Each structure stands twice: as structure tokens, then as C-alpha cells.
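Contents: one structure, followed by commentary.
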Amino acid sequence: MIDCIVIGMNMPETPSHVELVRSVDNNGGAWRDLRLAFVEHNDSQYTALDLINEVYRKHNPKFGSAIDETETDLSGQPDPFRPFNNLDFLWPAVSYLTTFLRKRDFNTEWINLFQQEKDRLKTLLTTGKVRAVAVTTTLYVTPQPMIEIIQFVKSLSPETQVIVGGPYIAGQADLRSDEELYSLFSYLGADIYVISSEGEQTLAKILTALRREQPLSDINNLLYKNRNTISPPFIRTEKAVENNALEDEPVDYALFPKKQLSQFISLRTAKSCPYSCAFCGFPQRAGAYKTLSPELVEEELDRIADLGCVDTLTFLDDTFNVPKKRFKDILKMMIRRNYGFKWNSFYRSDQGDEETIHLMREAGCEGVFLGVESGSDTLLKNMNKTARRKHFAAAIPQLQAAGISAHASLIIGFPGETEATIRETQSLIEEAKPDFFRAQLWYCDPLTPIWKNREQYGLTGNGFSWKHDTMDSDTASDWVERLFFDTRNSTWLPQHGFEQWSTFYLQRRGYSKQQVIDYIALFNMAVKAQLTDSSLKSIPESVFDAIENLLIYKQTDTQMMSSVHHTATHHVKDDAMESFAF
């Protein structure tokens, strides 16, 4: 009997995702943001990594097919037929929950990526009894990915109890009335919902009750189907704070095959965030900021090093370099231990200095994600950010000089935003020249601190449809597109299906950093050409030829890029966006 199958991420295929967003948000903020991240080609839609797979398949029909187990390289190196995937690593929620449950003697299996592992999930559900399936919701902002999993499980094993928890569920419970919550959860179709910012202990209690055929009513933080009466449709149990110490629950990586671990590990050395940015509700949901000591981080890295297959780490802490002394102690430890890992992390520019950046380089850091948000001190103050323009202007060149790739993440349209503040943001990017940047339309989330001050800014609406005293979401979307077209000294990251992590992933797959930058630039050229000429339903031939040369033969040169640049710009309508240029 399997007590629980933990299911990680469900990332729908690009064409179905495009169609879903188009159908529910045609020409709205969500659609316009997504449209900057895919190209149309030969009657289909492709993200940047999808397109790489398409090019490889064109040149090698065997690409993407399963290979014989004897050919599998258990050193962790990806096999040459392995498709490129933005989620080509063991999902942290899966590794953590599986370890947590197995440590407590629950017979636990896992599905890392739902779309890629449906056949295995089907086998587990149909060849043996499965008491429960646990669906994680770490990155979901819409219910569709959860519904697809739940319906799949129920179609194959109706008696299996589907348990859903995580940030999406906790956030919806904070936002909605009981009646609205009952409606949403009925729509999702699961049996049990864990309503807690942390829920692993609750999950273990549920599995114990299911194993012993005991009622769930004594378990806190639940909302589950009422099977005895018609009304109410759900039973809600008492609320209680659940706290799980990071140091008590280290991941047991030995549970997972080396091939599944591959080269990449994502890990967390802290919980929550010590800041309270007005656009972010994470600290309020996650509770007090807690960190692992450098000694415990060392033990974690030792366990990863002992696997012998991992060479790339992603530290998921929202503020890895806070507090400063702890961060420097970790860096010095990594240098002393000489692990040889390459790693990337979030980085707070106002909490660093040249000495820190030097230590980061020596410790193996290859890239950082910078929550710049804005180049305007006025906006940064409105956002309750502690960093200011001067911190980013100093840190980005220092990081670049140290060979550490910098990605600047921007928010456009936050209350107080104007044309002047956006131009300040653009000038910061042009002057500081981070390797990569991405501008996103501000998402108006009622669970974030700014919502309490909405009357101060004349803020109405929510999600990607809003307006306030100085801007509305349509105007902000126009500016996002303008930054995409106009910015010259930094490369736009498509983001949907292609994150900063993807740039390191491609380097592990054999491309140089410059080749990665060139490929993204070519991909963006194709997107721009189609945005400005709606009659283009495929990538311009010269651009596609350049992409093939780069991906297959790894050839690119300045003359070729200039020629492609000229051809791509030829497709731009003169009256499309008068200030936009390639």
C-alpha cells in the first residue's frame, strides 16, 4: 500500500497554455506579458527552450526519445537525446516532502513533473493501492494546473484521497469568504485542503488518520469534503500555527536516483524574508525570518557533494546575503571546502559590497537575481524597499567586473509610477548594463501590504487589471513592451518557460555564456518581428537560419547577427510603435 504520492510541478504544454491565457485574458495584461515570451512557427507556439527542442528534432529525429538504460550516464551528465526543459531538476517541494514523509515511515512515492511522468503516475495508481496523492502548489497562480492533476488521479483511482496544500491554497483561504472558498474548492475537486503557510506536519497527520481509518476532525488547519450531509459541502477544522524548523528536516538526497537529481540542486537555507516590500505578501504568510547556521549549511553542502553528480546549486532564499556576517561566513566556508560548485542566488544590493562580491566569485557564484523593481527612488520608497538606485548602480558593474551574471527584475506600474519614473528605470538599466533584465506588469494582489493603502493612491481593480492616480494597467503594459523593444544595453529574458536559471542550464548543456546571450537575442528578434507584423506566422527565415547555426553548429559572429538584425527590423511596421527599435 502506498501511503502517498507527492506530485511536483504541472507545467502545461506551451500551445495549451497560450490558448488558455488568450481565452480568458485576450489583450489584457496577462496575455500581453505572455506574448513577449513565445514565438509562432509552423502552426504552433514555442517558448525559448521549446524552440531549441524543435530545432534539435529537425536535425535528429531520435532527439527526445527514450534511450536504453545501459546508455544512461549516471555521473549526472545529461544524455545527448534529453530534451531541454526549464524544470529539468528535482522539484524542491518533492525532495523535501518525500524526505519528511519517509522519515516518518510512510510509504511515499513521487512524481517530479506531471506532464513528463504521466505514464509512471498511471502505473502507480492502477497497479497498486494508493491511499493519497499530495499536490503541491508552490508556483501556481491559477487553478487549471491543479484541476488537471486532480481529474487525472480521480479518473484512474476514484478512492484515492487527493490532498492539496501550499501557497496557493493558503493565499486563497486568506482572501476569500467561506462561501467563496467552498465554491473554489468544489471547482478544484480535491478531497482535503491544507490551509497553512506550512503544512508538512498536517499532511503526516492526515496520512496517519487515513491509514488507521480515523476521522480528520481533530486535525487542525483542514478543510475537507463533508460526506455525511449535503450542507455545508466542507468541514473546516480549527486554525493553529504550524512551525517546522529547517535544521530538523534536511533533505535526504540519497533517496533519489542520480539520474533524477542530475547536475542541479535547489536548496533553501532560510525561511521567509526579513523585509516587508509593499508589493509582496510572502513575509506575512511565511512568518518570522529564520536561517540555518553556516555549520548546518556546510553539512547540507557536504551531503550534496557526496552524491558526486551535482555541479550547480540554486539557493532559493529570498535574501541569501542577509545578514551580512552569516553570508560572508558561508562564502568563506565554501572557499575553504573547495566544493567546486557553481551557484546562483538572490542578492540584495544594499546589503553587499566589493569584498562580498569578491568572496562570491571565489566561492563559485556565477549569477545573481536582483530585485531592482525600479530605478526611481520615489517608486522604491513607495514599495518600501530599503535599496535605492545608487545601490543597484554600484552593485551591477561590480558584479559584472567579477564575472558574475546579473539579472535585473523590474516591476512597471506600481502606485506612483509615471512616465518619468519609468524613464529613470530604463536609464538605470542602460547605464548599469546587467547581462539580463525583465520588466513585468505590476500584479495588484489584495494579499500584499499596498492593498491596505489603496485609497491613498486611488487604486481600484486587482490582478492585471487596475488603475490608480498616476497610471492604469493598459498604459503600464505599453511601457513594458516599450522597454522590451527599446532597451539596448541589456538582454531581455523571456521568463515564461525561460528563467535566469535557464542561462546556466544551457551552459551546462554545452553553450558558452555569449552563445546563450546571442540565442536569446535571436529569439527576441523573432518575437519583435511577429509583434509588429501580425501577418508573420513563422519566424523570419534569416532569423531561423541564424538560430539553427547557433544551436546546432554553435556558430555565431558579429556580421551574421548584424545581417539578421537588418532583416528582422525590415518586418517592423513604420507606424507600429514609433519609438520602438531593435
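Side notes on the structure shown:
- Subset of the stretch 252-264 [in a loop (DSSP other than H, G, I, E, B) and within 19 Å of the chain's Cα centre (by Cα)]: Ser262, Gln263
- Filter result (more than 22 Å from Gln500 (Cα to Cα), touching a Gly at 6+ places or on another chain (Cβ under 8 Å) and either at pLDDT 95 or above or not hydrophobic (A, V, I, L, M, F, W, C) (or both)) within the stretch 57-97: Arg57, Ser75
- If you go through the stretch 378-393 and pick out every residue that is charged (D, E, K, R), in contact (Cβ under 8 Å) with a residue 24 or more places away in the chain and under 17 Å from Ala420 (Cα atoms), you end up with 2.
Quick grid of which residues meet (1) assigned to a loop (DSSP other than H, G, I, E, B); (2) out of contact with any strand residue (DSSP E or B) (no Cβ under 6 Å at 6 or more places or on another chain); (3) charged (D, E, K, R); (4) surrounded by fewer than 15 Cβ atoms within 10 Å (Cβ to Cβ):
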{"site": "Lys239", "(1), (2), (3), (4)": "yes, yes, yes, yes"}
{"site": "Asn243", "(1), (2), (3), (4)": "yes, yes, no, yes"}
{"site": "Glu247", "(1), (2), (3), (4)": "no, yes, yes, yes"}
{"site": "Pro250", "(1), (2), (3), (4)": "yes, yes, no, no"}
{"site": "Ser266", "(1), (2), (3), (4)": "no, no, no, no"}
{"site": "Tyr275", "(1), (2), (3), (4)": "yes, yes, no, no"}
{"site": "Cys280", "(1), (2), (3), (4)": "yes, yes, no, no"}
{"site": "Gln284", "(1), (2), (3), (4)": "no, yes, no, no"}
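- Output for the stretch 283-329, where each listed residue is touching a helix residue (DSSP H, G or I) at 6+ places or on another chain (Cβ under 9 Å) and at positive phi: Gly308
- When Glu198, Glu109 are screened for being in a strand (DSSP E or B), within 26 Å of the chain's Cα centre (by Cα) and acidic (Asp, Glu), only Glu109 passes.
- Selection status of Pro167, in contact with a helix residue (DSSP H, G or I) (Cβ under 8 Å, 6 or more places away or on another chain), surrounded by fewer than 18 Cβ atoms within 10 Å (Cβ to Cβ) and either within 30 Å of Asp105 (Cβ to Cβ) or not assigned by TED's automatic domain parsing to the domain that holds Pro143 (or both): no
- Qualifying residue in the stretch 163-177 (condition: within 25 Å of Leu124 (Cβ to Cβ), assigned to a strand (DSSP E or B) and at pLDDT 95 or above): yes
- Single residue of Lys342, Lys332, Lys385 found to be in the same structural domain as Gln398 (by TED's automatic domain parsing), in contact with a Gly (Cβ under 6 Å, 6 or more places away or on another chain) and of a type in the set (Lys, Arg): Lys342
- Only one of Thr503, Thr425, Thr475 that is β-branched (Val, Ile, Thr) and either in contact with a helix residue (DSSP H, G or I) (Cβ under 6 Å, 6 or more places away or on another chain) or not in a helix (DSSP H, G or I) (or both): Thr503
- With respect to the stated conditions, Leu536 is touching a residue at least 24 places away in the same chain (Cβ under 8 Å), over 24 Å from Leu139 (Cβ atoms) and either out of contact with any Leu (no Cβ under 7 Å at 6 or more places or on another chain) or surrounded by fewer than 16 Cβ atoms within 10 Å (Cβ to Cβ) (or both).
- Cross-chain or 6+ apart pairs with Cβ under 7 Å, the stretch 430-443 first and assigned by TED's automatic domain parsing to the domain that holds His407, then of a type in the set (Asp, Glu): Gln440/Asp33; Leu441/Asp33
- Contact annotation: residue pairs with Cβ atoms under 9 Å, 6 or more positions apart or on different chains, pairing a residue in the stretch 47-63 that is acidic (Asp, Glu) with a partner that is assigned to a helix (DSSP H, G or I), are Asp50/Thr14.
Residue-by-condition table, conditions (1) under 19 Å from the mean Cα position of the chain (by Cα); (2) of a type in the set (Asp, Glu); (3) buried (at least 19 other Cβ atoms within 10 Å of the Cβ):
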residue: His407; (1), (2), (3): yes, no, yes
residue: Ala432; (1), (2), (3): no, no, yes
residue: Leu447; (1), (2), (3): no, no, no
residue: Ile450; (1), (2), (3): no, no, yes
residue: Asn453; (1), (2), (3): no, no, no
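The values are calculated or read from the model by the stated rules, or taken from the named source; none is laboratory data. As the structure is a computational prediction, the values presented were derived from the model and not from experiment. Heads up, the Cβs are rebuilt from the backbone with ideal geometry, glycines too, and the neighbour counts pull from every protein chain shown.
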